[in-house]
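Before any comments, here is the structure.
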Amino acid sequence: MATAVFYFHNYLRKMLKKEHGAGPSFLYHFNRKASIKDIIESLGVPHPIVGKLTVNDTEVGFDYILRHKDIVEASPLTPPVNPLVSTPLRPAPLERISFVADVNVGKLAFHLRTLGFDCEYGSNTRDAELVERAHSQKRILLTRDTSLLKRKLVIHGYLVRAQNPTEQLIEVMCLYDLKSRIKPLSRCIPCNGILVPVNKEAILNRLEPLTRKHYESFHVCQQCDRIYWPGSHQEKIVAFIEKILKALRQKGTQGT
């Protein structure tokens, strides 16, 4: 029977099945021809959260076929991850940074929209539809469900580790280095549509008397037609954004 030595680094080790996760390395026995991707997932690690694979000190892709006496090292996604750049594990880069989130990270989806990021989300969306959307629309799948990330169609994805939605946001922002891409108040938080300026006269009949009297600047969602204007809700959003930026600066100082 053939054997190979596996090293899983950092939090990937915690994903391994119990019989393999005790030490820094373990001996793997196999008697069939299989890709390194299939083997890694059979050990318990979803392939999208692997950032780098080396075999005998040479970087390889997921299609590498494991051989007798190979020494394999797997490292997790490590900040900053740029999904717009080709890598051996993901040779087809994304054209833009956008996300799709499952029900386990729904509040994270709304937080991302608050900062202006394109994030699809539906509380009743089935797993198969989420995976198909991530694949066809070339989005990064965000989830806390390990099995979801093991779907074959998932290429770009991340297993969110934090439980608190604000901490989840900071985690994702740090991972993909999104600080410079923030565009606050540019998306509709409930539906993810893009907000565009609208002339007050064009929506005058839709405004409440006090809103009509005190505000002159308005935006409308291109998708759901919801109207936005400056007010206390925007002040809360701005305060939230400042909180996130402060946390990101602290992370940058401490290192990730």
* By counting other Cβ atoms within 10 Å of each Cβ, how are LEU89, LEU115 ranked from fewest to most? -> LEU89, LEU115
* Asked: If we count other beta carbons within 10 Å of each Cβ, what is the order of ASP70, ASP102, fewest first?
  -> ASP70, ASP102
* To do: Take the alpha carbon atoms of region 1-62, find their center, do the same for region 139-183, and report the distance between the two centers in whole angstrom.
  => 22 Å
* Structure fact -> Over the Cα atoms of region 2-76 the radius of gyration and the largest Cα-Cα distance (Dmax), both in Å, equal 10.9, 28
* **Dipole magnitude (debye, nearest 20) for the chain, charges at Cβ of Lys, Arg, Asp, Glu** => 220 debye
* Asked: Sorted from fewest to most neighbouring beta carbons within 10 Å, what does the list MET15, MET1 look like?
  -> MET1, MET15
* Structure fact -> Share (percent) of C-alpha pair distances in the chain greater than 33 Å works out to 31 percent
* **Size of electric dipole in region 2-76: Cβ of Lys, Arg +1 and of Asp, Glu -1, about Cα centre, debye, nearest 20** => 220 debye
* Antiparallel bridge percentage (DSSP; both residues within the chain; nearest 5) -> 60 percent
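Every read-out reported here was derived from the displayed coordinates using simple, explicitly stated rules and does not represent laboratory data. The shown structure was predicted, so the numbers you read here are calculated from the model rather than taken from an experiment. Quick reminder, even Gly has a Cβ in these numbers, built from the backbone with ideal geometry, and neighbours come from all protein chains shown.
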